[in-house]
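The values are calculated or read from the model by the stated rules, or taken from the named source; none is laboratory data. Keep in mind it's a predicted model, so treat the numbers as computed, not measured. Neighbour counts are summed over all protein chains in view; Cβ atoms, including those assigned to glycine, are modelled from backbone coordinates with ideal geometry. These accessible areas exclude ligands, DNA and RNA; they are computed on the full protein's heavy atoms, side chains included. Shrake-Rupley method; radii C 1.70, N 1.55, O 1.52, S 1.80 Å.
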Amino acid sequence: MTHSPNDLAALAADATDTFRLRLAEALRHQGDPRGEFIQVQCALAKAGTKAAAPTLREREASLLAAHEATWLAELGLLPGDAVFVRGFVDRVTVDASRARGVYARLIRMEPVRALSLRVDLGGSEAELSLVLEEIRRAGLPPSLEQLTIDRKNSWEDIHDDALERRRQDTRTLGLSLDLHDFTRPDAGLALLSIALTSPDTSSLESLGIKLTGLGANPLEELLDALERAGPRPSLREWSLEFSSPNGKERIRWVQLHSLARLLALYPRLQTLVLPMTELHAEHVEHPELRELSLHWLGHTPCGPSDLSQWKHAPVPKGTGLQFLREARLPKLERLHIDFQYEWYIAWTPEDLAPLFEAKGLAALRRLELHNCHFGDVLCRELVRMKHVQSLKVLDLTGAILTDGGAEALTRNRAHFPHLTQLICGPWGLSEPAWKDLVKHYPVVSP
């Protein structure tokens, strides 16, 4: 069945199956068994585990046995390549070597939600670029939520590149990309480029990228791809993080030589999240940024691992927080820095000086300094911060404190007149020092 773009969009958005069942009735009047199949699968979706389901399951199996091969042959697919949901092809997994010509037919005939292109060493790698070019020319249909390059059949330990779209009506509001290797020409960056050149991303609000690569991950090629796609005035949130599909944390970081270059693409950006990053000092200015989150390892402390990757020198931090000294971020309300103690970066108390001396953070209200190895120094020096009196939340989760640090905070309570939360724990403190701190501050345990 070939459908108009409007019909395919209606099928994709048909949460109550009203449009599907109307189409199914028309097909039954034409003597097309696909009509009954749509009705049966919609009834199954509604019935769930009720008593009627076994009978429906038997009829579903009978219709598939009789007609699935014919329905899929119209798309250039074989039985096993696709999964039907509520009467229509919902998910497709096909070798890239067989995928040429399939995509254009598929998006004209079915409201497919997920497409996975399987790649192996038997020739499909060479075909992948041609398939991706076909996808680029035809565009992404409204129904498509996930596009994956699946290399699980390779002899290497390679994770998938996967693009996910979050849509509302005719607009794509969010993109999420799992990216394994920047250097592969027909991989994650190609998927991102295809998505960003689609007209329906003109209202894009969020972009999230997860990396799985080990060691250094230079961001130059990513920035090049983003610049080719052009500025996104609508974007509000941009996040980059590391993913560990096998559950094991490894030594890796990104190299970002121009934070200003990234910010220039998104003039209305409000939230920026970066993982362990080799930053370099530069002038950083942005009129709208409200949240900046820097993780020098990840979201959860877990300590050094994969010691075969460990070197005598620490993982590069570049110039660390130097960019804060001259930064102009007039609307920045939340600054989160996860130091991860000294596991990966040889932090020194001097590394915090740019934060205390920063003049362009007038709107800062929430300061989160997590897992700081020299918490006592931090507590003593915070009073030097230019806008310390405006802070409402000071989060010292994981900071290593002794009674000296707690006493410094207590002694300088007048420097925090608007503080409504001090987030820290009693670990490392004597009972009198902890009680005194709780007496002077609205303390919340992390």
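Which residues, taken from segment 1-26, are touching a residue at least 24 places away in the same chain (Cβ under 8 Å) and either open to solvent by less than 40 Å² (accessible area, probe 1.4 Å) or not in a helix (DSSP H, G or I) (or both)?
Within segment 1-26, Met1, Thr2, His3, Leu8, Ala9, Leu11, Ala13, Asp17, Arg20, Ala24 meet the criteria.
Among the candidates Glu368, Glu342, Glu350, single out the residue that is touching a residue at least 12 places away in the same chain (Cβ under 8 Å), acidic (Asp, Glu) and open to solvent by 30 Å² or more (accessible area, probe 1.4 Å).
Working: Glu368 fails: open to solvent by 30 Å² or more (accessible area, probe 1.4 Å); Glu350 fails: touching a residue at least 12 places away in the same chain (Cβ under 8 Å).
Step by step, each of Glu368, Glu342, Glu350 is checked, and only Glu342 is touching a residue at least 12 places away in the same chain (Cβ under 8 Å), acidic (Asp, Glu) and open to solvent by 30 Å² or more (accessible area, probe 1.4 Å).
Taking segment 100-128 as the region of interest, how many residues are at pLDDT below 90 and either in contact with a helix residue (DSSP H, G or I) (Cβ under 9 Å, 6 or more places away or on another chain) or polar (S, T, N, Q) (or both)? I'd like the intermediate steps shown before the answer.
Kept after step one, since they are at pLDDT below 90, are these residues of segment 100-128: 100-101, 118-128.
Still in the running and either in contact with a helix residue (DSSP H, G or I) (Cβ under 9 Å, 6 or more places away or on another chain) or polar (S, T, N, Q) (or both): 100-101, 118-120, 122-128.
Here the count works out to 12.
For Ala216, state whether it is hydrophobic (A, V, I, L, M, F, W, C), closer than 19 Å to Ile337 by Cα and open to solvent by 30 Å² or more (accessible area, probe 1.4 Å). Talk me through it step by step, then tell me what you get.
Details: hydrophobic (A, V, I, L, M, F, W, C): yes; closer than 19 Å to Ile337 by Cα: no; open to solvent by 30 Å² or more (accessible area, probe 1.4 Å): yes.
No, not satisfied.
Scan (1) open to solvent by less than 20 Å² (accessible area, probe 1.4 Å); (2) more than 22 Å from Ser4 (Cβ to Cβ); (3) part of a loop (DSSP other than H, G, I, E, B) for the single condition Arg184 breaks and write down its number.
Result: Arg184 fails condition (1) only.
From the list Lys392, Lys359, Lys331, Lys439, which residue is surrounded by fewer than 16 Cβ atoms within 10 Å (Cβ to Cβ), more than 19 Å from Glu291 (Cβ to Cβ) and modelled with pLDDT of 95 or more? Give the derivation first.
On the way: Lys392 fails: more than 19 Å from Glu291 (Cβ to Cβ); Lys359 fails: modelled with pLDDT of 95 or more; Lys331 fails: more than 19 Å from Glu291 (Cβ to Cβ).
Result: Lys439 is the single residue among Lys392, Lys359, Lys331, Lys439 that is surrounded by fewer than 16 Cβ atoms within 10 Å (Cβ to Cβ), more than 19 Å from Glu291 (Cβ to Cβ) and modelled with pLDDT of 95 or more.
Determine whether Thr197 is surrounded by fewer than 21 Cβ atoms within 10 Å (Cβ to Cβ) and β-branched (Val, Ile, Thr).
On the way: surrounded by fewer than 21 Cβ atoms within 10 Å (Cβ to Cβ): yes; β-branched (Val, Ile, Thr): yes.
Yes; evaluated as a whole, the condition is true for this residue.
Go through segment 335-420 and tell me which helices (runs of 4 or more DSSP H), entirely inside it, have 1 or more residues that are in contact with a strand residue (DSSP E or B) (Cβ under 7 Å, 6 or more places away or on another chain). Before the answer, list the steps.
Details: elements: 353-357, 375-381, 403-411.
Fully inside segment 335-420 and qualifying: 375-381.
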